[in-house]
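Engineer: Would you mind keeping the following structure in view while I ask a few things?
The values are calculated or read from the model by the stated rules, or taken from the named source; none is laboratory data. This is a predicted model, so every value here is computed, not measured. Positions of Cβ are generated from backbone atoms using ideal geometry, with glycine treated the same way; all protein chains shown enter the neighbour counts. Protein only, heavy atoms only, side chains kept; ligands, DNA and RNA dropped before computing areas. Shrake-Rupley method; radii C 1.70, N 1.55, O 1.52, S 1.80 Å.
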Amino acid sequence: MNEQSLLQAENLHVYYGKSHILHGVSLNVRRGEVVCLLGRNGAGKTTTIKGIMGLAARAEGTVTIAGKRAERLPPHGVARLGVGYVPEGRKIFPHLTVEENLAVPVNRPGRWNLAEIYKFFPRLHERRRHPGGMLSGGEQEMLAVGRALITNPDLFIMDEPSQGLAPKIVQEIYALIQEMVKDGQAVLLAEQNAFMALEISSRAYVIDNGQIVFDGMAQELLEDKDRVRALAGAS
Ligand code: ATP
């Protein structure tokens, strides 16, 4: 395995009941990189992430995180290896306040704590006593990002963070992603919005029908927009 790899998934297969959804997906993410995982609706982006995070009921293949084998770990075990996960649809606790949502056990020291999160997202500070369920979509995304950040992850896995958000908030989240990798962390970004994700990524994978159909430099795809449209259904 590459010394610098924070994440290496090899030959992942995931099944939902009798349906074989992922057919041998391999990908890796190194320190200091933003890597995007693109693909049309239903291509298998979320399933890949669930396979990595220990959230798929039946998965085969290997997952190595910071040099440690992780394919048999439950999600909290994967998180303990230094992975922050922002799920599709945010999945915050709607009945807990913003501050309670952010009260996650943290055993990794680093830049991010409650004060830093509030400094980066002042809106969360303003809304800190409101239940998560009362927040707007953008505020909920900030909360989901803050909840992952506060654990000071080395690797950040984000599943469609731009979904349903106003462009200004997407810009804020994307700016944060760029800042994190400057700090030496790494980001795996699943996005349907291919062109936007490619702009901030160094490398890209495209998945279709549960298989990787492109693995290369983001720049290569940015220079061939028709190919992106054909592979990832981007508009
Ligand atoms: P989207 O952007 O729509 O989330 P995606 O690329 O993340 O797309 P997945 O959610 O990984 O796609 O879905 C991949 C395939 O697995 C789809 O055909 C989907 O219908 C199927 N699938 C997803 N979840 C389940 C489930 N719980 N049970 C059965 N099939 C599922």
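Engineer: Which one, S162, S201, S19, has the greatest fluctuation when you compute a Gaussian network model over the chain with C-alpha springs under 10 angstrom?
Structural biologist: S19
Engineer: Spin-label point model (7 Å from Cα, Cβ direction): what's the K68 to D224 distance in nm?
Structural biologist: 3.9 nm
Engineer: Could you sort R128, R40, R69 by their accessible area in this structure, using a 1.4 Å probe and putting the largest first?
Structural biologist: Reading off the accessible areas and sorting them downward yields R69, R40, R128.
Engineer: Subtracting the Cα-Cα distance from 0.36 nm times the residue separation, let me have the gained length for Y15 to N113 in nm, one decimal.
Structural biologist: Taking 0.36 nm per residue and subtracting the Cα distance, the gain is 31.5 nm.
Engineer: Could you compute the FRET efficiency for R128 and Q171, with r as their C-beta to C-beta distance and R0 at 25 Å, rounded to 0.05?
Structural biologist: Between R128 and Q171 the formula returns 0.60.
Engineer: Restricting to the chain, compute how many DSSP beta bridges are antiparallel as a %, nearest 5.
Structural biologist: 60 percent
Engineer: Check V86: other-chain or 5+ apart residues with amide H under 5 Å from its amide H, H built from backbone geometry?
Structural biologist: I157, M158, D159
Engineer: Computing the accessible area with a 1.4 Å probe over protein heavy atoms, can you report the carbon and sulfur percentage for the range 20-105?
Structural biologist: 52 percent
Engineer: Using a 1.4 angstrom probe with every protein chain in place, what is the largest-first accessible-area order of K18, K68, K45?
Structural biologist: From most accessible down to least: K18, K68, K45.
Engineer: Roughly how many Å² of E160 are accessible to a 1.4 Å probe, to the nearest 10?
Structural biologist: Taking all protein chains as shown, E160 has close to 10 Å².
Engineer: Could you give each residue of the range 22-31 its phi-based ³J(HN,Hα) in whole Hz, using Karplus coefficients 6.51, -1.76, 1.60 with θ = phi - 60°, and x for Gly or Pro?
Structural biologist: 9, 10, x, 7, 10, 7, 9, 10, 9, 3
Engineer: OK, next. With every protein chain in place, what's the accessible area of Y16 (1.4 Å probe, Å², nearest 10)?
Structural biologist: Result for Y16: roughly 100 Å² accessible.
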